[in-house]
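The values are calculated or read from the model by the stated rules, or taken from the named source; none is laboratory data. Everything numeric in this text was worked out from a predicted model, so none of it was measured. Cβ sites come from the backbone with ideal geometry, for glycine too, and all protein chains shown count toward neighbours. Just the protein is used for accessible areas: all its heavy atoms, side chains included, with ligands, DNA and RNA removed. Shrake-Rupley method; radii C 1.70, N 1.55, O 1.52, S 1.80 Å.
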Amino acid sequence: MYFPVTGEYEKVMDVQEYIASGILELYVAGQLSERENREVATHAKAHPEILAEIEAIEASILSLSKTAAPKTVASFDHVLPRLEEVQETKVVKLEEKKTPWPSYLGWAASLLLAAGLFYVYDQNTELQSRIEVVEEQRSDLEKQIFEAKQSLEKSETLLTSLRDKNITVVPLGGQQVSPDSYAKAYWNKAENKVFIDAQGLPTPPEGMVYQVWSLTLNPLTPTSVGLLSEFETDENRVFALSNANASEAFGITLEPAGGSESPNLEQLYALGTVTGP
């Protein structure tokens, strides 16, 4: 937006609007025509505010140039005393000489290049972080697939064992301490193994563990078959134990962690007798 000198118009011009139009920056940058330069000089003579703004713009650019590129702007040192004394005729001389604006453009380009390099570095760092997250997720997925495969193989092996024709199934009913409890013993006499399905037993209190006993009834003789360890973490809650005893019954008691040498019959949770061959 330009404001030519036109008699009465000069008297009523809005100085602040003129300053805000951006023409003073173009004037300092040497981007106006000769006619436009004369107009700005005329306005500066008539309005101290405009002259002060021109000086402020020149000082700002020179300060930036000396800070960012001191070698390039060293040749302007002899101009600074003259700018501090600013006379009206010197404003016109400054416009005719024109400030070496390409030097400032070069510095601006350097700043843009630095900003671009920082942006690329930041994007690369973010991309690397994303790759690491994806790799971690892939590793977790592979682990889950491996564990699921192992669990499936374990389940298939367990089903094959439980369906063996030599298996004797012994239901174990809940006792006085826990009437709603139940379990099953799958006894393979040929292989001396017993599988305990403990899905019907409550989770043992902290510091306690279920212990399985092989019983002969006359006289009553308990023999420890083993512990149902890791009860909470075993999803199937089917435990394979060795049993080479001539079992007539199986019982499950709740014992202190590590098990006991003899069963605590007050904590007898499940009991069942062996029937059939």
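Scanning for something at pLDDT below 95, of a type in the set (Ser, Thr, Tyr) and over 17 Å from GLY207 (Cα atoms), does region 227-234 turn up at least one residue? No; the residues of region 227-234 include none that is at pLDDT below 95, of a type in the set (Ser, Thr, Tyr) and over 17 Å from GLY207 (Cα atoms). Residue count for region 187-207 under the criterion of being open to solvent by less than 70 Å² (accessible area, probe 1.4 Å), touching a residue at least 40 places away in the same chain (Cβ under 8 Å) and in a strand (DSSP E or B): the result is 5.
Within region 172-186, identify whether any single residue is open to solvent by 70 Å² or more (accessible area, probe 1.4 Å), within 23 Å of GLY251 (Cβ to Cβ), modelled with pLDDT of 80 or more and in contact with a Leu (Cβ under 7 Å, 6 or more places away or on another chain), and answer yes or no. Yes, because at least one residue in region 172-186 is open to solvent by 70 Å² or more (accessible area, probe 1.4 Å), within 23 Å of GLY251 (Cβ to Cβ), modelled with pLDDT of 80 or more and in contact with a Leu (Cβ under 7 Å, 6 or more places away or on another chain). Residues of region 241-272 that are open to solvent by 20 Å² or more (accessible area, probe 1.4 Å) and in contact (Cβ under 8 Å) with a residue 60 or more places away in the chain: GLU266, GLN267, LEU268, TYR269, LEU271. The numbered conditions (1) closer than 27 Å to ALA270 by Cα; (2) β-branched (Val, Ile, Thr); (3) modelled with pLDDT of 75 or more; (4) not in a loop (DSSP other than H, G, I, E, B) are all true for THR125 except (1).
Quick grid of which residues meet (1) over 13 Å from LEU241 (Cα atoms); (2) at pLDDT below 95; (3) under 40 Å from the mean Cα position of the chain (by Cα):
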site: GLN144; (1), (2), (3): yes, yes, yes
site: GLN150; (1), (2), (3): yes, yes, yes
site: GLN199; (1), (2), (3): yes, yes, yes
site: TRP213; (1), (2), (3): no, no, no
site: LEU220; (1), (2), (3): yes, yes, no
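Restricting the first member to region 43-60 and to residues that are over 16 Å from ALA20 (Cβ atoms) and of a type in the set (D, E, K, R), and the second to residues that are part of a helix (DSSP H, G or I) and open to solvent by 40 Å² or more (accessible area, probe 1.4 Å), the beta-carbon pairs closer than 6 Å and six or more apart or on different chains are LYS45/GLU88. Considering only residues that are open to solvent by less than 20 Å² (accessible area, probe 1.4 Å) and more than 15 Å from GLY272 (Cβ to Cβ), which ones fall in region 209-224? Residues satisfying the conditions are VAL209, GLN211. Of the strands (runs of 3 or more DSSP E) that lie entirely inside region 210-277, those containing 3 or more residues that are of a type in the set (Val, Ile, Thr) span 220-227.
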